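Student: Below: one structure in C-alpha cells.
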Protein chains: 2
Amino acid sequence: MRQKDPLLLGIDIGTSGGRALLFEPTGRPVAQASRPWAPHLPRPEWAELDAEAVWKALGLLLQELAGRVPLHRVAGVGISAQLTTLLLDATGGPVLPAIPWLDRRASAEAAHLQREVGQGRLAEVAGRRAAPERPAAVLRWIQRHEPAAWERTASISTVKDFLVLRLTGKLATDEPHASYSLLFDVGKKCWDAGLCGLADVPPSRLPDVLPSPAVVGGIRESVARETGLPAGIPVVAGGPDGTLATLGAGLTTPGMAADVAGTTDVVFACLARPRMDPTGGLVTNAHACPGQWVLGGPTTTTGGALTWFAEHVAGTTDFAALDREAAEIAPGSDGLLCLPALVGERTPLWDPQARGAFVGLTLGHRRGHLTRALLEGGACIVRRVVQAIVRLGERVEEVRLVGGAAGSDLTAQIRADVLGLPIRRMPVREASALGAAILAAVGAGLFSDVPAAAQAMTGAGELIQPRAEHRARYDEVFAAFDRVSEALRSAGRIP
Amino acid sequence: MRQKDPLLLGIDIGTSGGRALLFEPTGRPVAQASRPWAPHLPRPEWAELDAEAVWKALGLLLQELAGRVPLHRVAGVGISAQLTTLLLDATGGPVLPAIPWLDRRASAEAAHLQREVGQGRLAEVAGRRAAPERPAAVLRWIQRHEPAAWERTASISTVKDFLVLRLTGKLATDEPHASYSLLFDVGKKCWDAGLCGLADVPPSRLPDVLPSPAVVGGIRESVARETGLPAGIPVVAGGPDGTLATLGAGLTTPGMAADVAGTTDVVFACLARPRMDPTGGLVTNAHACPGQWVLGGPTTTTGGALTWFAEHVAGTTDFAALDREAAEIAPGSDGLLCLPALVGERTPLWDPQARGAFVGLTLGHRRGHLTRALLEGGACIVRRVVQAIVRLGERVEEVRLVGGAAGSDLTAQIRADVLGLPIRRMPVREASALGAAILAAVGAGLFSDVPAAAQAMTGAGELIQPRAEHRARYDEVFAAFDRVSEALRSAGRIP
C-alpha cells in the first residue's frame, strides 16, 4: 500500500524530552510535537527512566501531531533514542526502570570488565572501552545487586526497542544500539559469544539485531485504533540518537564526517569497512547505513559550556549579543584558551576527572574574549577527535554540521577554521528525528536504500570553507590547547 | 616652635593620582584633597611622568586643602611616592621625564645586570633581583640611548626627592627608596661601590641617603608664601608608597607582617636585622622605621582581577552583591581554583609570562563560585609570600591588613583562613599617606620614634582569627593552587 502524499514519522526519545516530527519525502518537516521530561535521579550517580511513562508520552505526542496533520498519511515510522538498558520479562513488561547513559552506578563493574576483557579485545571486538553506561556493565551490576530482577529477565532491551515492541508486537534491536553493548562484535555485526560469556549474559536473552532501516514489524491494529496511524505501516529498527543525527546530517559517504553540535558534540566519520582504535580512544559503531561503520564518539560540554557561561556567569541569554562580541575578537582570543570539559572528557581521552578552565587571562580580556575562547575550545575538542580519526589512517574531507551550533555563523566558521576543513552546515533542526524518518522512508519503500533517502531528505546545506589566513594561528592555538589540557590533567584533581 | 593643635601633612604621589591628607596626631584624618593623573605612555612598554606637572599638582592639592583647614597648623610634612627614576641637572631641574615603575624599556639592561652581577651578589647586597624598573637598569638604558642627557645629569633622584628639594632646597633620598636601586647595600644601608661600578654610575651623582623619618630640611620662605604652610616646618625623607603603607598599617614590630591589599597585594614582614632571600624571590628593604628591615614584596593582580571580573565579565560594579553571592559558597569554591595573575607573577615567582586562570570549572559553578575563587586565589597569592618568608626562618604571627580588600568582611576572613593567621584589619583608607604623616610626626618631634608614632596614629584595628575548622580544607586548596600554577607555567606561553 502506497499512500498519496506520504509522510514519515521520526520520533526522538532524548535525554531531556521527546519529539515527534512528520517529514515529507523531501525532508521538509510539516508538523512537530514535543514534551519535556527528565530522568529520575534517585541517588547520586543514579539515573532512571520509566519506560511505561515514555510509552504514554509517545501516545500524547502522536495525539498532538494528529491534531495538526492527519496521521493516515504516515507511510513509515522510525525511532531515535538516547542509550538505555531495559530488562523485559516474558510478557514484554519492564522488570526495572530503564537505566539511561547518564547513570554511573556500574563504575566498578565497568572497571572489572575493562580488566577482565582487556583493552586489546575490547577495542578489537567491541569497538570501545568499558564504561559504566555500557549494557554489559549495567547487567553485571543488576546480577550482583538485583538478582531477583535478573532472574525474571527474558530479554535485554532498550527503551527504543520497548516502544517498537508496543507498536508492532515484535522485539528486535538495531546494529548501532548493539554496538554500544560490549557484547557485540562490531566488525562482524553479531553478538559475540566470548564477550557474552565474560559478562555472564546468556545469548538466549539477547534480541535479534537488525540493520537500522530493517522493518521490525507493522503497526498493530490496536495501536492504529488508538493513534490514527495506519495499521500495518512499517516500523523500522531505528537507532541511537547520536548515530541517527549523523544520518540526519547526511552522513553516508566514506571520507565525510558529521559533527552533531549540541550540549555536547558527537563526531563520527563514515567508513566503508570497520576500523578499531586499539587505544579505545575512539568508538567504532555499525552505522545506521547498512554496510558502513562510523568512527569517532561523543565529546564533552562543548555547547553546554557556552550555555553555562552565558546563564550563570555573564547572566544573559542573549546569545546573539554574545556572538557579536565574540566576532569582534581576533582568532586565538588574544591568548585566552578555554577547556570546555565541565563534566570530564570523553572521546578520545575518556577522563571523567577532567574539568573546564579558562587559561591565559589578562586585564585586556573582555566578555567577548571568553565567549570566543569557549567557541574555539569547543572546536579544539572536535579537532582532537578528527585528528585521532586521521591518525588511524581514515579520511575526513568534509564535516557535516548539525545541532544548535550550526545556527551560529561564527561558530560554524570557527569550526571550519580550527579544523582546517570545509564544513557543510545543514539546515535541519531535529537531526535525530530526521535520521529516524530517513530510515522510515527506506522501510516504507520510498527509496531504494539509506544513501538515496539521506541524499533526498537532507539537502545540500551551506558550504563553509576554512580560511587559509587563520590556519597557522589556529594550529598554534590547538597545540597550546593540547599542552594546557595535558598539564592540567597531570596536575591532578582539585579537591 | 610647637603649634597648638598640630596637624601632619601626608602626601601620596601614586600611580593613578595624588592625594594630600591632614592628620591629627591621633591618626584621625581631618581633610583630604586628591587629583587623578596618569603616566604618559609614549610607546608600548614605556611610561613617563612629568615631574614639573606633579609639582604643579601638589600646589593645587595644597590650595584645595587650605580651603578646608588652615595650613598654619601643619607641624610636619612627609611624602610617599610610587617608585620612579628622575635625573636632575646641576640647577635641580629634570633632565628627562621621570621613569616610573610601570616602564619596561630597560628589560635588556635588567637581564644584563642580572647576568653580570649574578643572583648571589644581587640577593646578598642589593636584596632583590634585577628588573626593568630598577634605577640601575634604567640608568644603563639612559647611558646607552640618551648619552647627552646622561652627560648633563648632576644627581640621580626620584620624583619624591624632587618635590622635597622644591619644598626645602635640600636634596636627599630615603633608605627604602635607595633599597630598590640595585646600587645600595641594603644590609649596611649605604651605596655599594661595587654595584655602582658594575652599573657605571659614579657615586658623585648619588644623593645622600637618610632614614625615612629624618628631616631633610624646612619649608622654604617662598614655598610658605605660596602655600600657607609655615616656613621652616620639617619635611622628612619619606619613602615609597608600598613601604609607607605598611607603616600606615602599623608595621613596626618584628614577627608582624602587613598586607597592603589593593589592585595588587604588597606583603612585607618586619625584621629586626637584614635577611636576604638567596633565590631573589623575596625583596629585602631597609624599612621606613630605622633599625628595621622588611622582607616580602609586591604580588600580582589580586584585587585587580576581582575588579576586572566584575566589570568586564559579570558586567556589574555591585561588589556588595558579588560578596554576598561568594559568602554563600563553601570554602574551596566546590573545586574551582582561580589564579589571579592577570599581568604575570611578581613575588616570589617573578614570572612576567604567567597569566590568570579559572581551573576546575563544572556545570554546578555559579557566578558566586567564580567570585569566591578570585578571593581565595588572592589569598593564596599572599600565602605564597608568607610561606617564603617563613621558609627563610622569619616569624609571621599576625598580619595587618589595609587597602581596598580590608573593606570586605568576607575578603578579610578568607585571608585569615587561607593564611591560617590572625589578621588585624586596620581602619585607615589612605595607608601610604598615613605612613608619610607618621614620619612627619616624628620629624616634627611629636613622638620620640617611629614605633611610638605608628602606635599612636594607627589604632588597634579589628582582630580576625582564622577558623580552625577550615584549616585542612584551605591547606588542600593551597596545595592544589601551587600544583596548578606550576603546571600552567610549565605548559608554556599561550600564543
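Student: Averaged over its residues, how many other protein chain Cβ atoms are within 10 Å of peptide B:347-358's Cβ atoms?
Tutor: That works out to 3 on average.
Student: For the range A:415-482, what size does the Cα cloud have along each of its three principal axes, sorted from largest down, in whole Å?
Tutor: That works out to 50, 21, 19 Å along the principal axes.
Student: Can you list the aspartates and glutamates whose alpha carbon is less than 18 Å from that of B:LYS160, not counting same-chain residues fewer than 8 positions off?
Tutor: The reachable aspartates and glutamates, counting only those whose Cα sits under 18 Å from B:LYS160, are B:ASP12, B:GLU48, B:ASP50, B:GLU52, B:ASP89, B:ASP103, B:GLU133, B:ASP174, B:GLU175, B:ASP208, B:ASP241, B:GLU430.
Student: Label-to-label distances across copies for B:ALA53, with labels 7 Å out along Cα→Cβ, in nm, shortest first?
Tutor: 6.9
Student: Antiparallel DSSP bridges in the protein assembly as shown: what percent, to the nearest 5?
Tutor: Restricted to the protein assembly as shown, the bridges split so that about 70 percent are antiparallel.
Student: Placing a label point 7 Å from Cα toward Cβ, how far apart in nm is A:HIS145 from its equivalents in the other copies, listed shortest first to one decimal?
Tutor: Spacings between copies for this position, smallest first, are 6.8 nm.
Student: Principal axes first, then extents: for the Cα atoms of the range B:171-272, list largest minus smallest coordinate on each axis, whole Å, largest first.
Tutor: The principal-axis extents, from largest down, are 42, 37, 27 Å.
Student: So, one more: Could you quote the convex hull projected area for the range A:314-385, Cα atoms only and averaged over all directions, in nm²?
Tutor: About 5.2 nm², averaged over all directions.
Student: With Cβ to Cβ distances under 13 Å as the rule, what net charge do the other residues near A:LEU488 carry (K, R +1; D, E -1)?
Tutor: So the surrounding residues net to +1.
Student: Would you mind ranking A:TYR474, B:TYR180 so that the residue whose beta carbon has the fewest other beta carbons within 10 Å leads the list?
Tutor: A:TYR474, B:TYR180
Student: While we're on this one: Just to confirm the numbers: B:HIS312, label point 7 angstrom along the Cα-Cβ line, distances to the other copies in nm, shortest first?
Tutor: 2.4
Student: Return the loop-located GluC sites (Glu not before Pro) in the range A:314-382 (DSSP other than H, G, I, E, B) with at most 15 other Cβ atoms within 10 Å of their own Cβ; answer none if there are none.
Tutor: Counting only loop positions with at most 15 other Cβ atoms within 10 Å, the GluC sites (Glu not before Pro) in the range A:314-382 are A:GLU328.
Student: Can you compute the label reach from B:ALA272? Point 7 Å from Cα along the Cβ direction, backbone N cut-off under 17 Å, restricted to the range B:381-420.
Tutor: From the range B:381-420, the list is B:393-398.
Student: Which whole-number percent is the relative contact order of chain A (Cα, under 8 Å, 6+ apart)?
Tutor: Computed over chain A, the figure is 16 percent.
Student: List the residues whose amide H sits under 5 Å from the amide H of A:SER157, counting only those 5 or more places along or on another chain, with H placed 1.01 Å from N in the peptide plane.
Tutor: Distant-sequence amide H within range of A:SER157: A:LEU86, A:LEU87, A:LEU88.
Student: Something else about it: Would you kindly work out the equivalent ellipsoid of the protein assembly as shown from its C-alpha gyration tensor and give its semi-axes, the square roots of five times the eigenvalues, largest first in whole Å?
Tutor: Equivalent ellipsoid of the protein assembly as shown: 72, 26, 25 Å, largest first.
Student: Can you give the Rg to Rh ratio for the range A:358-439, taking only C-alpha atoms and Rh from Kirkwood?
Tutor: 1.06
Student: Which residues make up the longest stretch of chain B clear of trypsin sites (Lys or Arg not before Pro) that lie in a DSSP loop with no more than 14 other Cβ atoms within 10 Å, not counting the sites?
Tutor: Segment B:189-394 is the longest.
Student: If you don't mind, another one. How long are the semi-axes of the ellipsoid equivalent to the range A:7-242, from square roots of 5 times the Cα gyration tensor eigenvalues, in whole Å, largest first?
Tutor: 32, 18, 16
Student: Can I ask one more? Assuming 0.890 mPa s and 25 °C, estimate D for chain B with Stokes-Einstein, Rh taken as the Kirkwood radius over Cα pairs, in µm²/s.
Tutor: Stokes-Einstein gives a translational diffusion coefficient of 107 µm²/s.
Student: What percent antiparallel are the DSSP beta bridges of chain B, to the nearest 5?
Tutor: Of those bridges, close to 70 percent are antiparallel.
Student: For each of B:ASP208, A:ASP12, count neighbouring Cβ atoms within 10 Å of the residue's Cβ, then give the residues from fewest to most.
Tutor: The order, fewest Cβ neighbours first, is B:ASP208, A:ASP12.
Student: Only helical DSSP H runs with n ≥ 4 go in: add -39500 (n - 2.57) per run for the protein assembly as shown, normalise by residue count and round the 222 nm mean residue ellipticity to 500 deg cm²/dmol.
Tutor: Result for the protein assembly as shown: -10500 deg cm²/dmol, rounded to the nearest 500.
Student: Under Stokes-Einstein, with the Kirkwood radius over Cα pairs standing in for Rh, what whole-number D in µm²/s applies to the range A:100-231 at 20 °C and 1.002 mPa s?
Tutor: After rounding, the answer is 136 µm²/s.
Student: Among the DSSP beta bridges whose two residues both lie in the range A:7-242, what percent are antiparallel, rounded to the nearest 5?
Tutor: 70
Student: Just the Cα atoms of the range A:269-345: what Rg and Dmax do they give in Å?
Tutor: When restricted to the Cα atoms of the range A:269-345, Rg and Dmax are 17.9, 48 Å.
Student: How much length, in nm to one decimal, is gained on full extension between B:GLU486 and B:LEU363, taken as 0.36 nm per residue of separation minus their Cα-Cα distance?
Tutor: 41.8 nm
Student: Right, another one. In what sequence do B:SER432, B:SER204 fall when counting other Cβ within 10 Å, fewest first?
Tutor: Neighbour counts put them in this order, fewest first: B:SER204, B:SER432.
Student: Moving on to the next point. How far apart, in nm, are two points set 7 Å out from the Cα along the Cα-to-Cβ line at B:THR317 and at A:ALA231?
Tutor: 7.5
Student: How big, on average over all directions, is the shadow cast by the Cα convex hull of the range B:5-105, in nm²?
Tutor: 7.2
Computed from the coordinates by the stated procedures, all read-outs in this text should not be read as laboratory data. In this text, all values refer to a predicted model and were calculated from it rather than measured experimentally. Using ideal geometry, Cβ is built from the backbone for each residue, glycine included, and neighbour counts are taken over all protein chains shown.
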